[in-house]
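Following: one structure in C-alpha coordinates, then a few remarks.
The values are calculated or read from the model by the stated rules, or taken from the named source; none is laboratory data. Just so it is clear, the structure is predicted and the values come from calculations on it, not from any experiment. Cβ placement follows ideal geometry from the backbone for every residue including glycine, while neighbour counts extend to all protein chains displayed. Ligands, DNA and RNA are excluded from the accessible area calculation, which covers all protein heavy atoms including side chains. Shrake-Rupley method; radii C 1.70, N 1.55, O 1.52, S 1.80 Å.
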Amino acid sequence: MESIFHEKQEGSLCAQHCLNNLLQGEYFSPVELSSIAHQLDEEERMRMAEGGVTSEDYRTFLQQPSGNMDDSGFFSIQVISNALKVWGLELILFNSPEYQRLRIDPINERSFICNYKEHWFTVRKLGKQWFNLNSLLTGPELISDTYLALFLAQLQQEGYSIFVVKGDLPDCEADQLLQMIRVQQMHRPKLIGEELAQLKEQRVQKTDLERVLEANDGSGMLDEDEEDLQRALALSRQEIDMEDEEADLRRAIQLSMQGSSRNVSQDIPQTSGTHLTSEELRKRREAYFEKQQQQQHPPAPLSHPRERPTTSSGALGSDPAGDAMSEEDMLQAAVTMSLEVVRNNFKTEGKK
(Lines give C-alpha, C1' and ligand atoms only; values in the text may rest on other atoms or scores of the structure.)
Protein backbone atom coordinates (compact mmCIF):
# COMPACT_ATOMS: atom_id res chain seq x y z
CA MET A 1 0.00 0.00 0.00
CA GLU A 2 2.96 2.27 -0.55
CA SER A 3 1.21 3.99 -3.45
CA ILE A 4 -1.58 5.26 -1.16
CA PHE A 5 -1.05 8.84 -0.03
CA HIS A 6 -1.45 9.07 3.75
CA GLU A 7 -0.67 12.21 5.78
CA LYS A 8 -0.11 11.52 9.46
CA GLN A 9 -1.28 13.81 12.21
CA GLU A 10 0.71 16.98 12.93
CA GLY A 11 -0.61 19.27 15.63
CA SER A 12 -4.34 19.88 15.08
CA LEU A 13 -4.20 20.01 11.28
CA CYS A 14 -6.58 17.08 10.90
CA ALA A 15 -8.76 19.03 8.41
CA GLN A 16 -5.76 19.52 6.12
CA HIS A 17 -4.82 15.81 6.43
CA CYS A 18 -8.43 14.82 5.80
CA LEU A 19 -8.62 16.81 2.55
CA ASN A 20 -5.22 15.74 1.24
CA ASN A 21 -5.86 12.07 2.04
CA LEU A 22 -9.22 12.34 0.26
CA LEU A 23 -7.69 13.94 -2.84
CA GLN A 24 -4.53 11.76 -2.59
CA GLY A 25 -1.96 14.54 -2.72
CA GLU A 26 -0.68 17.71 -1.06
CA TYR A 27 -3.48 19.87 -2.38
CA PHE A 28 -4.00 22.12 0.65
CA SER A 29 -1.70 23.77 3.17
CA PRO A 30 -2.60 25.50 6.48
CA VAL A 31 -2.08 28.89 4.81
CA GLU A 32 -4.62 28.14 2.06
CA LEU A 33 -7.18 26.83 4.52
CA SER A 34 -6.62 29.87 6.75
CA SER A 35 -7.29 32.08 3.75
CA ILE A 36 -10.61 30.31 3.15
CA ALA A 37 -11.46 30.67 6.87
CA HIS A 38 -10.73 34.43 6.82
CA GLN A 39 -12.89 34.82 3.75
CA LEU A 40 -15.77 33.06 5.49
CA ASP A 41 -15.29 35.24 8.57
CA GLU A 42 -15.49 38.37 6.44
CA GLU A 43 -18.67 37.19 4.73
CA GLU A 44 -20.27 36.52 8.12
CA ARG A 45 -19.20 39.96 9.38
CA MET A 46 -20.75 41.67 6.38
CA ARG A 47 -24.04 39.85 6.96
CA MET A 48 -24.04 40.89 10.60
CA ALA A 49 -23.25 44.48 9.60
CA GLU A 50 -26.47 44.58 7.58
CA GLY A 51 -28.33 44.79 10.85
CA GLY A 52 -26.31 47.85 11.84
CA VAL A 53 -22.76 48.23 12.96
CA THR A 54 -23.96 49.76 16.20
CA SER A 55 -26.25 46.90 17.08
CA GLU A 56 -25.59 44.71 20.10
CA ASP A 57 -25.40 41.55 17.95
CA TYR A 58 -22.73 43.03 15.73
CA ARG A 59 -20.58 44.16 18.69
CA THR A 60 -20.92 40.69 20.25
CA PHE A 61 -19.94 39.06 16.93
CA LEU A 62 -16.76 41.14 16.73
CA GLN A 63 -15.75 40.17 20.26
CA GLN A 64 -16.13 36.44 19.63
CA PRO A 65 -13.29 34.33 18.17
CA SER A 66 -13.58 32.95 14.66
CA GLY A 67 -15.90 29.99 14.28
CA ASN A 68 -14.05 28.75 11.17
CA MET A 69 -10.56 28.29 12.59
CA ASP A 70 -8.49 28.62 15.74
CA ASP A 71 -4.85 28.95 16.69
CA SER A 72 -4.43 25.16 17.07
CA GLY A 73 -5.15 24.55 13.37
CA PHE A 74 -8.74 23.40 13.57
CA PHE A 75 -11.00 24.29 10.60
CA SER A 76 -14.79 24.13 10.42
CA ILE A 77 -16.98 22.09 8.10
CA GLN A 78 -17.63 25.31 6.14
CA VAL A 79 -13.89 25.62 5.39
CA ILE A 80 -13.71 21.98 4.25
CA SER A 81 -16.83 22.35 2.14
CA ASN A 82 -15.55 25.51 0.43
CA ALA A 83 -12.18 23.86 -0.18
CA LEU A 84 -13.87 20.93 -1.94
CA LYS A 85 -15.98 23.25 -4.11
CA VAL A 86 -12.74 24.23 -5.87
CA TRP A 87 -12.68 20.65 -7.19
CA GLY A 88 -16.39 20.47 -7.98
CA LEU A 89 -17.14 18.34 -4.93
CA GLU A 90 -19.94 18.74 -2.38
CA LEU A 91 -20.79 17.20 0.97
CA ILE A 92 -24.09 15.56 1.95
CA LEU A 93 -24.80 14.54 5.53
CA PHE A 94 -24.87 10.73 5.44
CA ASN A 95 -26.69 10.23 8.72
CA SER A 96 -29.42 12.74 7.99
CA PRO A 97 -32.99 11.42 7.79
CA GLU A 98 -33.25 12.70 4.18
CA TYR A 99 -30.26 10.71 2.98
CA GLN A 100 -31.17 7.60 4.97
CA ARG A 101 -34.54 7.53 3.25
CA LEU A 102 -32.72 7.11 -0.06
CA ARG A 103 -31.40 3.75 1.22
CA ILE A 104 -28.23 4.01 -0.76
CA ASP A 105 -25.79 1.19 -0.01
CA PRO A 106 -22.56 2.77 1.32
CA ILE A 107 -20.54 0.43 -0.89
CA ASN A 108 -21.88 2.28 -3.93
CA GLU A 109 -20.38 5.59 -2.76
CA ARG A 110 -16.80 6.66 -3.37
CA SER A 111 -15.74 8.40 -0.14
CA PHE A 112 -16.82 9.72 3.25
CA ILE A 113 -15.57 12.46 5.56
CA CYS A 114 -16.07 11.83 9.28
CA ASN A 115 -15.95 14.30 12.17
CA TYR A 116 -16.06 13.95 15.94
CA LYS A 117 -14.96 16.51 18.53
CA GLU A 118 -12.99 18.63 16.09
CA HIS A 119 -11.23 15.66 14.46
CA TRP A 120 -11.63 14.98 10.74
CA PHE A 121 -10.67 11.92 8.74
CA THR A 122 -11.41 10.32 5.36
CA VAL A 123 -12.73 6.89 4.36
CA ARG A 124 -12.22 6.36 0.63
CA LYS A 125 -12.52 3.69 -2.00
CA LEU A 126 -9.33 3.17 -4.00
CA GLY A 127 -9.64 0.78 -6.90
CA LYS A 128 -12.04 -1.87 -5.67
CA GLN A 129 -11.26 -1.67 -1.96
CA TRP A 130 -12.08 0.65 0.95
CA PHE A 131 -9.50 2.26 3.22
CA ASN A 132 -9.66 4.17 6.47
CA LEU A 133 -7.22 7.09 5.92
CA ASN A 134 -7.41 8.47 9.45
CA SER A 135 -4.34 10.64 10.08
CA LEU A 136 -4.14 9.30 13.64
CA LEU A 137 -3.25 5.83 12.29
CA THR A 138 0.28 4.76 11.43
CA GLY A 139 -0.92 3.82 7.93
CA PRO A 140 -4.01 3.14 5.77
CA GLU A 141 -6.40 0.58 7.23
CA LEU A 142 -8.09 -1.85 4.83
CA ILE A 143 -11.87 -2.14 5.28
CA SER A 144 -13.72 -5.03 3.66
CA ASP A 145 -16.94 -4.41 1.74
CA THR A 146 -18.96 -6.41 4.26
CA TYR A 147 -17.48 -4.47 7.18
CA LEU A 148 -17.96 -0.96 5.68
CA ALA A 149 -21.63 -0.56 6.68
CA LEU A 150 -20.92 -1.87 10.18
CA PHE A 151 -17.93 0.48 10.49
CA LEU A 152 -20.02 3.54 9.55
CA ALA A 153 -22.85 2.45 11.88
CA GLN A 154 -20.35 2.15 14.72
CA LEU A 155 -19.08 5.69 14.03
CA GLN A 156 -22.66 7.00 14.11
CA GLN A 157 -23.25 5.29 17.43
CA GLU A 158 -20.11 6.93 18.84
CA GLY A 159 -21.42 10.37 17.86
CA TYR A 160 -19.58 10.99 14.58
CA SER A 161 -21.00 13.18 11.87
CA ILE A 162 -20.50 11.46 8.51
CA PHE A 163 -20.60 13.25 5.16
CA VAL A 164 -20.81 11.66 1.72
CA VAL A 165 -18.48 13.25 -0.85
CA LYS A 166 -20.31 13.70 -4.13
CA GLY A 167 -18.59 14.43 -7.43
CA ASP A 168 -15.62 13.19 -9.42
CA LEU A 169 -12.44 12.94 -7.41
CA PRO A 170 -9.17 13.81 -9.17
CA ASP A 171 -7.27 10.87 -10.66
CA CYS A 172 -4.55 9.36 -8.53
CA GLU A 173 -1.93 6.65 -8.89
CA ALA A 174 -3.28 4.51 -6.05
CA ASP A 175 -6.77 4.35 -7.59
CA GLN A 176 -5.38 3.32 -10.98
CA LEU A 177 -3.10 0.67 -9.48
CA LEU A 178 -5.72 -0.84 -7.19
CA GLN A 179 -8.12 -1.18 -10.11
CA MET A 180 -5.84 -3.96 -11.36
CA ILE A 181 -4.78 -5.65 -8.12
CA ARG A 182 -6.18 -6.29 -4.65
CA VAL A 183 -4.13 -5.84 -1.54
CA GLN A 184 -4.10 -7.87 1.67
CA GLN A 185 -3.25 -6.49 5.09
CA MET A 186 -1.63 -8.89 7.54
CA HIS A 187 -1.36 -6.42 10.44
CA ARG A 188 -3.76 -3.61 11.28
CA PRO A 189 -2.13 -0.20 11.73
CA LYS A 190 -2.02 1.18 15.27
CA LEU A 191 -2.96 4.58 16.54
CA ILE A 192 0.05 6.91 16.53
CA GLY A 193 -0.40 7.53 20.25
CA GLU A 194 -0.27 3.80 21.00
CA GLU A 195 2.85 3.33 18.90
CA LEU A 196 4.57 6.30 20.55
CA ALA A 197 3.64 4.98 24.00
CA GLN A 198 5.02 1.56 23.11
CA LEU A 199 8.26 3.05 21.80
CA LYS A 200 8.56 5.21 24.91
CA GLU A 201 8.08 2.18 27.15
CA GLN A 202 10.76 0.28 25.25
CA ARG A 203 13.17 3.20 25.62
CA VAL A 204 12.45 3.40 29.37
CA GLN A 205 13.07 -0.34 29.79
CA LYS A 206 16.32 -0.07 27.84
CA THR A 207 17.45 2.90 29.94
CA ASP A 208 16.64 1.05 33.18
CA LEU A 209 18.66 -1.96 32.02
CA GLU A 210 21.63 0.21 31.06
CA ARG A 211 21.45 1.96 34.44
CA VAL A 212 21.51 -1.38 36.29
CA LEU A 213 24.45 -2.62 34.23
CA GLU A 214 26.32 0.63 34.81
CA ALA A 215 25.68 0.49 38.56
CA ASN A 216 27.10 -3.02 38.67
CA ASP A 217 30.01 -2.02 36.42
CA GLY A 218 28.71 -4.45 33.83
CA SER A 219 29.70 -7.45 35.97
CA GLY A 220 27.53 -7.48 39.08
CA MET A 221 24.82 -9.52 37.41
CA LEU A 222 27.37 -12.09 36.28
CA ASP A 223 29.03 -12.88 39.68
CA GLU A 224 27.06 -16.10 40.16
CA ASP A 225 27.86 -17.30 36.63
CA GLU A 226 31.56 -16.54 37.12
CA GLU A 227 31.63 -18.52 40.38
CA ASP A 228 30.07 -21.51 38.63
CA LEU A 229 32.69 -21.23 35.89
CA GLN A 230 35.56 -21.12 38.43
CA ARG A 231 34.22 -24.22 40.18
CA ALA A 232 33.95 -26.07 36.87
CA LEU A 233 37.54 -25.16 35.95
CA ALA A 234 38.84 -26.34 39.34
CA LEU A 235 37.07 -29.70 38.99
CA SER A 236 38.46 -30.02 35.49
CA ARG A 237 42.01 -29.43 36.73
CA GLN A 238 41.56 -32.06 39.46
CA GLU A 239 40.37 -34.60 36.92
CA ILE A 240 43.37 -33.87 34.68
CA ASP A 241 45.79 -34.34 37.61
CA MET A 242 44.20 -37.69 38.51
CA GLU A 243 44.39 -38.81 34.90
CA ASP A 244 48.10 -37.89 34.78
CA GLU A 245 48.86 -39.93 37.93
CA GLU A 246 46.96 -42.91 36.58
CA ALA A 247 48.84 -42.64 33.28
CA ASP A 248 52.20 -42.61 35.11
CA LEU A 249 51.28 -45.74 37.06
CA ARG A 250 50.13 -47.53 33.90
CA ARG A 251 53.41 -46.71 32.14
CA ALA A 252 55.43 -48.05 35.13
CA ILE A 253 53.53 -51.34 35.20
CA GLN A 254 53.83 -51.66 31.41
CA LEU A 255 57.63 -51.21 31.55
CA SER A 256 57.85 -53.78 34.34
CA MET A 257 55.80 -56.32 32.38
CA GLN A 258 57.87 -55.77 29.25
CA GLY A 259 61.10 -56.23 31.16
CA SER A 260 60.03 -59.49 32.88
CA SER A 261 59.29 -61.21 29.56
CA ARG A 262 62.87 -61.03 28.19
CA ASN A 263 66.20 -62.64 29.24
CA VAL A 264 69.37 -60.66 28.51
CA SER A 265 72.19 -60.45 31.16
CA GLN A 266 74.47 -57.47 31.51
CA ASP A 267 75.39 -55.64 34.72
CA ILE A 268 75.05 -51.86 34.32
CA PRO A 269 75.73 -49.68 37.35
CA GLN A 270 72.62 -47.84 38.54
CA THR A 271 72.78 -44.05 38.52
CA SER A 272 70.15 -41.95 40.23
CA GLY A 273 68.30 -39.57 37.93
CA THR A 274 69.21 -41.48 34.69
CA HIS A 275 66.43 -42.33 32.24
CA LEU A 276 66.35 -46.13 31.89
CA THR A 277 64.85 -48.06 29.05
CA SER A 278 62.94 -51.31 29.47
CA GLU A 279 66.03 -53.17 28.16
CA GLU A 280 68.20 -51.65 30.87
CA LEU A 281 65.65 -52.49 33.56
CA ARG A 282 65.58 -56.11 32.39
CA LYS A 283 69.36 -56.37 32.50
CA ARG A 284 69.45 -55.01 36.04
CA ARG A 285 66.86 -57.51 37.22
CA GLU A 286 68.90 -60.43 35.82
CA ALA A 287 72.04 -59.08 37.46
CA TYR A 288 70.12 -58.87 40.72
CA PHE A 289 68.94 -62.49 40.36
CA GLU A 290 72.52 -63.75 39.77
CA LYS A 291 73.86 -61.80 42.75
CA GLN A 292 71.17 -63.21 45.06
CA GLN A 293 71.87 -66.78 43.87
CA GLN A 294 75.63 -66.39 44.42
CA GLN A 295 75.11 -65.10 47.98
CA GLN A 296 72.70 -67.88 48.92
CA HIS A 297 74.39 -70.78 47.00
CA PRO A 298 78.20 -70.43 46.83
CA PRO A 299 79.83 -72.63 44.18
CA ALA A 300 80.70 -76.20 45.42
CA PRO A 301 84.09 -77.94 44.88
CA LEU A 302 84.50 -79.40 41.44
CA SER A 303 84.92 -82.94 42.85
CA HIS A 304 81.52 -82.74 44.47
CA PRO A 305 79.13 -81.10 42.03
CA ARG A 306 75.76 -80.19 43.47
CA GLU A 307 72.62 -80.36 41.41
CA ARG A 308 69.65 -78.36 42.40
CA PRO A 309 66.41 -80.33 42.20
CA THR A 310 63.63 -78.92 40.18
CA THR A 311 59.93 -79.25 40.56
CA SER A 312 57.55 -80.37 37.89
CA SER A 313 56.76 -76.76 37.17
CA GLY A 314 60.42 -75.87 36.57
CA ALA A 315 60.70 -73.64 39.66
CA LEU A 316 63.93 -73.46 41.62
CA GLY A 317 64.06 -75.80 44.63
CA SER A 318 64.56 -74.38 48.11
CA ASP A 319 67.61 -75.02 50.26
CA PRO A 320 67.13 -77.51 53.16
CA ALA A 321 68.14 -74.76 55.59
CA GLY A 322 65.27 -72.60 54.27
CA ASP A 323 67.56 -69.64 53.27
CA ALA A 324 66.97 -69.70 49.48
CA MET A 325 64.50 -67.20 47.80
CA SER A 326 61.76 -68.63 45.68
CA GLU A 327 61.34 -67.45 42.09
CA GLU A 328 58.09 -65.67 43.10
CA ASP A 329 59.93 -63.72 45.81
CA MET A 330 62.63 -62.70 43.36
CA LEU A 331 60.08 -61.58 40.74
CA GLN A 332 58.29 -59.52 43.37
CA ALA A 333 61.57 -57.90 44.41
CA ALA A 334 62.35 -57.12 40.77
CA VAL A 335 58.96 -55.51 40.18
CA THR A 336 59.38 -53.41 43.33
CA MET A 337 62.80 -52.26 42.22
CA SER A 338 61.51 -51.49 38.71
CA LEU A 339 58.64 -49.36 40.04
CA GLU A 340 61.02 -47.50 42.36
CA VAL A 341 63.34 -46.68 39.44
CA VAL A 342 60.48 -45.49 37.26
CA ARG A 343 59.14 -43.25 40.04
CA ASN A 344 62.57 -41.70 40.47
CA ASN A 345 62.77 -41.06 36.73
CA PHE A 346 59.34 -39.36 36.72
CA LYS A 347 60.32 -37.19 39.67
CA THR A 348 63.57 -36.20 37.93
CA GLU A 349 61.72 -35.34 34.72
CA GLY A 350 59.19 -33.29 36.70
CA LYS A 351 61.96 -31.20 38.27
CA LYS A 352 63.45 -30.50 34.86
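Given (1) over 39 Å from the mean Cα position of the chain (by Cα); (2) open to solvent by 20 Å² or more (accessible area, probe 1.4 Å); (3) on the phi < 0 side of the Ramachandran plot, identify the lone condition not met by Pro189.
(1)
Assess whether Leu84 counts as being buried (at least 18 other Cβ atoms within 10 Å of the Cβ), in contact (Cβ under 8 Å) with a residue 40 or more places away in the chain and in contact with a helix residue (DSSP H, G or I) (Cβ under 7 Å, 6 or more places away or on another chain).
For Leu84, the condition - buried (at least 18 other Cβ atoms within 10 Å of the Cβ), in contact (Cβ under 8 Å) with a residue 40 or more places away in the chain and in contact with a helix residue (DSSP H, G or I) (Cβ under 7 Å, 6 or more places away or on another chain) - is not met.
Considering every residue within the range 55-70, establish whether at least one is within 19 Å of His119 (Cα to Cα), crowded, with 20+ Cβ neighbours inside 10 Å and not β-branched (Val, Ile, Thr).
Yes, because at least one residue in the range 55-70 is within 19 Å of His119 (Cα to Cα), crowded, with 20+ Cβ neighbours inside 10 Å and not β-branched (Val, Ile, Thr).
Select the helices (runs of 4 or more DSSP H) contained entirely in the range 1-69, then report the ones holding at least 1 residues which are under 26 Å from Gly193 (Cβ atoms).
The helices (runs of 4 or more DSSP H) meeting that bar are 14-23, 30-49.
Looking only at the range 121-142, which residues are within 19 Å of Phe163 (Cα to Cα), open to solvent by less than 10 Å² (accessible area, probe 1.4 Å), in a loop (DSSP other than H, G, I, E, B) and of a type outside the set (A, V, I, L, M, F, W, C)?
Scanning the range 121-142 gives a single hit, Ser135.
Please specify each residue of the range 95-114 satisfying the condition of being at pLDDT 95 or above and either more than 22 Å from Trp130 (Cα to Cα) or part of a loop (DSSP other than H, G, I, E, B) (or both).
Answer for the range 95-114, where residues must be at pLDDT 95 or above and either more than 22 Å from Trp130 (Cα to Cα) or part of a loop (DSSP other than H, G, I, E, B) (or both): Glu109, Arg110.
Quick one: in the range 35-78, which of the residues that are of a type in the set (Gly, Ala, Ser) and more than 60 Å from the chain's Cα centre (by Cα) is farthest from Glu90 (Cα to Cα)?
Step by step, filter the range 35-78, then rank; the result is Ser55.
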